[in-house]
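J.: Here's a structure for you.
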Amino acid sequence: MSETLVDRAASATPQRISRRIRGLSDRAIAWIFIGPTVILLLAVNIFPLIWTIYLSFTNYRANRPGAEVEWVGLRNYQRILNDPEIWQTMQATAHFVFWTLFFQVLIGFALAWLINQKFRGNDLWTTIIVLPMMLSPAVVGNFWTFLYQPQIGIFNYIVTFFTGADPTSFSMIGDVRLAPWSIVIVDTWMWTPFVMLICLAGLRSIPESIYEAAECDRASKWRQFWTITVPMVLPFLMLAVLFRGIENFKMFDLVVQLTGGGPGSTTEVTSINLKREAFEKWRTGYSSAYAVILFVTVFGLASIYVKALNRVKNR
Amino acid sequence: MSSYSITEPSRGMKWTAGLLVVAYALITLLPLLWIMATGFKSTNDAIAYPPKVFFEPTLEGYVNLFTIQNRASAEQLAENPATTWYDRIVQDKGMVISGPSRFGEMFMNSVIIGFGSTFLSVVLGTLAAYAFSRFRVPLKDDLMFFILSTRMMPPIAVAIPIFLMFRAVGLSDTHAGMILLYTAVNLSLAVWLLKGFIDEIPREYEEAALIDGYTRFQAFVKVVLPQAATGIASTAIFCLIFAWNEYAFAVLLTSGNAQTAPPFIPTIIGNTGRDWPAVAAGATIFLVPVMVFTILLRKHLLRGITFGAVRK
């Protein structure tokens, strides 16, 4: 047996300590291994969270560090829940989350089903389709503003090619009616492969023998699809929806680069709104309360959803 | 498959499916190809109306990306004849190079912060994942869920207290601060993924080593680590890609010193309006490494993006 790192460390240290290195109990090793992770997460995640909760009850403003901090109780929460602007923001977010999920599930499942027909070269094309998902949303979102330009962007020309509309007559990110769809299109382009990959894993997990049995019973392909394929893929699909739902509820980088929340505030999703309150208007206490409300919302919705998911899984 | 199977799709079905998927893949690829092509266009070709598919390639965009330029008079140009190919490109437009741009710096920031935080999160993550996988840890499920739940907060919400905290301890706009922050964010992914990989290594290997007289720690280093190498490598790439792509924290917590490329690339502006070839050049340099890694990772992709919830 060659000399290991531990042996060398042990022989270089005094007898008493060396015994400790050699013969650490499992429990001690467990704590030494987990300790750093827990400490770092406490420092960078939990401590700030507690601080946010504290700040949400005050009128603190981060741009005036010297000013006196006053305890205001639930006033911040009250103001947020009565603010019509925030409800408009929530609507923009809901529109974004609903339609991106709708298109991604539809296209993602269809693609997965097609890829599962096992044509030649399906691996290569799957990898190509997956590419956008791994790229930086900020950099890609920024470049899409160029593709969306009314006169020089290629997107309008593609629309022209299919519909015959004048490419200079509309602006995807400048028009109040089109802008909410411009972010849906880019997000769908980027994240459909995610849903596709998960559905594909679901499809591949279905044992061949079930279809063979159905075939013996003379079940039509159509019936097989609805009674075997769909129910078996459903738990996977629901998992994909959970991931995408949480991610898109938090969406910031892509939208801020694409539309910046504009025109007006038509695409101002919650993260952008929160950033305005916290880092442009510097209403730190107020935005902390806002952050707490968002966190509770995501957490609550996600837990209800996970319960439903487990019920589908155990069926 | 050699034998005939009644569930095998028909030839026609395969062809139709193949054509549809290829069509979708090409549509997906189009914006990416357009970015790369724009990087090699001249400024005029990039904003041509209608858009140009065929053009004469030039490195103007890349030169603009890496340099700062000033307008020069005819005499100045005559006094300093171009000596290199990039000088020539710039002087053809009646400009001279006055220095390097900040893109190189920001790109290096991305590299330092990306690799630094990846290294830290993989080291800490491997240790924690091993402990979670092999030992009876009190409150194990709660701890694991706590680690996961740190990902549910919108980054902007977390950024408020972190901004205050970093300001208080002097970590704002430093490499160390960003490395720590990204490590914390990536740790949840690293622990969940690595626990899955280590769970798959049979315990019998270690037990055999323990019987042979290895200590726990030796067994971990000599038996588990080599077995988990592929898993560790793919986890590392996922962490790297995350840190590489991250924007929200970077734009709020850094400015001149430790800014990474994602917040910098959208701020590139030319002398007359937006310099799209330079932006495209920056985006290309920034995106291509990730594309290469994605292709390398394709087998573990699903696992990485679902926190190990779906394994293939």
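J.: When only Cα pairs under 8 Å and 6 or more residues apart are kept, what is the percent relative contact order across chain A?
T.: 27
J.: Taking H as built 1.01 Å from N, whose amide H comes closer than 5 Å to the amide H of A:Thr58, not counting residues under 5 places away?
T.: A:Val72
J.: May I ask you to evaluate 6.51 cos²θ - 1.76 cosθ + 1.60, the Karplus curve with θ = phi - 60°, for each residue of region B:149-156 and list the ³J(HN,Hα) values in order in whole Hz, giving x for glycine and proline?
T.: Computed from phi, the couplings for region B:149-156 are 5, 5, 8, 7, 5, x, x, 5 Hz.
J.: Can you tell me, using C-alpha contacts under 8 Å and at least 6 residues apart, the relative contact order of chain B as a whole percent?
T.: 26
J.: Turning to a different aspect of this structure: Over all residues in A:145-153, what is the mean tally of Cβ atoms on other chains that come within 10 Å of each residue's Cβ? Mind dumping the intermediate values first?
T.: Values: counts 4, 11, 6, 0, 5, 1, 5, 8, 3.
Mean number of neighbouring Cβ atoms from other chains: 5.
J.: Sticking with this one: Taking only C-alpha pairs under 8 Å that are 6+ residues apart, what is the relative contact order of region B:104-267 in percent?
T.: Relative CO of region B:104-267 lands at 43 percent.
J.: With the cut-off at 1.5 for a/c, could you classify chain B from its C-alpha gyration tensor as rounded, prolate or oblate?
T.: Working: a/c = 2.55, a/b = 1.52, b/c = 1.68.
Taking the square roots of the gyration eigenvalues as a ≥ b ≥ c, chain B is oblate.
J.: Of the GluC sites (Glu not before Pro) in region B:182-241, which ones lie in a loop per DSSP and count no more than 16 other C-beta atoms within 10 Å? Could the numbers behind the result be given before it?
T.: Details: sites: B:Glu200, B:Glu204, B:Glu206, B:Glu207; in loops: B:Glu200.
Those that pass, being in a loop and sparsely packed, are B:Glu200.
J.: If you don't mind, another one. When the dipole is taken about the Cα centre of the protein assembly as shown, and only Lys, Arg (+1) and Asp, Glu (-1) are charged at their Cβ, what size is it in debye, to the nearest 20?
T.: That gives the protein assembly as shown a dipole magnitude of about 1580 debye.
J.: Same structure, new question: What residues qualify as long-range amide H neighbours of B:Gln69, i.e. H under 5 Å apart, gap of 5 or more or another chain, H built at 1.01 Å from N?
T.: B:Ser98
J.: With a/c under 1.5 counting as rounded, go ahead and sort the protein assembly as shown into rounded, prolate or oblate using the C-alpha gyration tensor (a ≥ b ≥ c being the square roots of the eigenvalues; past the cut-off, prolate if a/b is larger than b/c, else oblate).
T.: rounded
J.: Given the -39500 (n - 2.57) contribution per DSSP H run of 4+ residues, what per-residue ellipticity at 222 nm results for chain A, rounded to the nearest 500 deg cm²/dmol?
T.: Counting only the DSSP helices, I get -22000 deg cm²/dmol.
J.: Related question: Ranked by Cβ crowding within 10 angstrom, fewest neighbours first, how are A:Met172, A:Met196 ordered?
T.: Taking fewest neighbouring Cβ atoms as first place, the list is A:Met172, A:Met196.
J.: Using the Kyte-Doolittle scale, which helices in chain A average at least 1.0 and also have C-alpha atoms spread 30 Å or more along the helix axis, with helices defined as whole DSSP H runs?
T.: Counting only whole DSSP H runs, the qualifying helices are A:84-115, A:179-204.
J.: Which entries in the list A:Lys250/A:Lys313; A:Lys118/A:Lys313; A:Lys118/A:Lys307; B:Lys140/B:Lys195; A:Lys307/B:Lys140; A:Lys221/B:Lys299 go over 23 Å, if you measure between the two C-alpha atoms of each?
T.: Check vs 23 Å cut-off fails for A:Lys250/A:Lys313; A:Lys118/A:Lys313; A:Lys118/A:Lys307; A:Lys221/B:Lys299.
J.: Along the positive direction of the dipole of chain B (beta-carbon charges: Lys, Arg +1; Asp, Glu -1; about the Cα centre), which of B:Gln227, B:Ala157, B:Phe145 reaches farthest?
T.: Positive-end residue among those listed: B:Phe145.
J.: Also, I was wondering about something else. Specify whether the C-alpha gyration tensor of region A:33-95 places it in the rounded, prolate or oblate class, a ≥ b ≥ c being the square roots of the eigenvalues: rounded for a/c under 1.5, otherwise prolate if a/b is larger than b/c and oblate if not.
T.: oblate
J.: If the elastic network links every pair of Cα atoms under 10 Å, which of B:Leu193, B:Leu297, B:Leu164 fluctuates the most in the Gaussian network model of chain B?
T.: Taking springs between Cα atoms under 10 Å, the residue moving most is B:Leu164.
J.: Apply the Karplus parameterisation 6.51 cos²θ - 1.76 cosθ + 1.60, with θ equal to phi minus 60°, to every residue of region B:225-238 and state each ³J(HN,Hα) to the nearest whole Hz, in sequence, with x for glycine and proline.
T.: My calculation for region B:225-238 gives 4, x, 5, 8, 3, 4, x, 5, 4, 6, 4, 4, 5, 4 Hz in order.
J.: Would you mind ranking B:Cys239, A:Cys216, A:Cys199 by Cβ crowding within 10 Å, fewest neighbours first?
T.: Details: B:Cys239 28, A:Cys216 9, A:Cys199 25.
Ascending Cβ contact count within 10 Å gives the list A:Cys216, A:Cys199, B:Cys239.
J.: Ok, one more. Calculate the length of the line joining the C-alpha centroid of region A:168-237 to that of region A:253-315, in whole Å.
T.: Rounded to whole Å, the Cα centres lie 26 Å apart.
J.: Ok, one more. Go through B:Ala243, B:Leu189, B:Gly282 and say which Cα lies farthest out towards the positive end of the charge dipole of region B:145-289; charges sit on Cβ, +1 for Lys and Arg, -1 for Asp and Glu.
T.: In region B:145-289, that residue is B:Gly282.
J.: What are the ³J(HN,Hα) values, in whole Hz, obtained from phi via the Karplus relation 6.51 cos²θ - 1.76 cosθ + 1.60 with θ = phi - 60°, for each residue of region B:100-105 in sequence order, with x given for Gly and Pro?
T.: Those phi angles translate into x, 7, 8, 4, x, 4 Hz.
J.: Sort B:Phe103, A:Phe162, A:Phe143 so the one with the fewest other Cβ atoms within 10 Å of its own Cβ comes first.
T.: A:Phe162, B:Phe103, A:Phe143
J.: Along the charge dipole of region A:76-314, which of A:Trp282, A:Val230, A:Val140 sits closest to the positive end, that is, farthest toward it, with unit charges on the beta carbon of Lys, Arg, Asp and Glu (+1, +1, -1, -1)?
T.: A:Val230
J.: Shifting gears a bit: Given Cβ point charges of +1 (Lys, Arg) and -1 (Asp, Glu) and nothing else, what value in debye, to the nearest 20, does the dipole of chain A about its Cα centre take?
T.: The dipole of chain A has a size of about 980 debye.
J.: Could you work out how far the C-alpha centroid of region A:51-102 sits from that of region B:49-67, in angstrom?
T.: Centre-to-centre distance over Cα atoms comes out at 44 Å.
Each reported figure results from applying straightforward, stated rules to the coordinates on display, with no laboratory input. What you see is a predicted model; the values in this text were computed from it and never measured. FYI the Cβ positions are ideal-geometry reconstructions off the backbone, even for glycines, and counts take in every protein chain you see.
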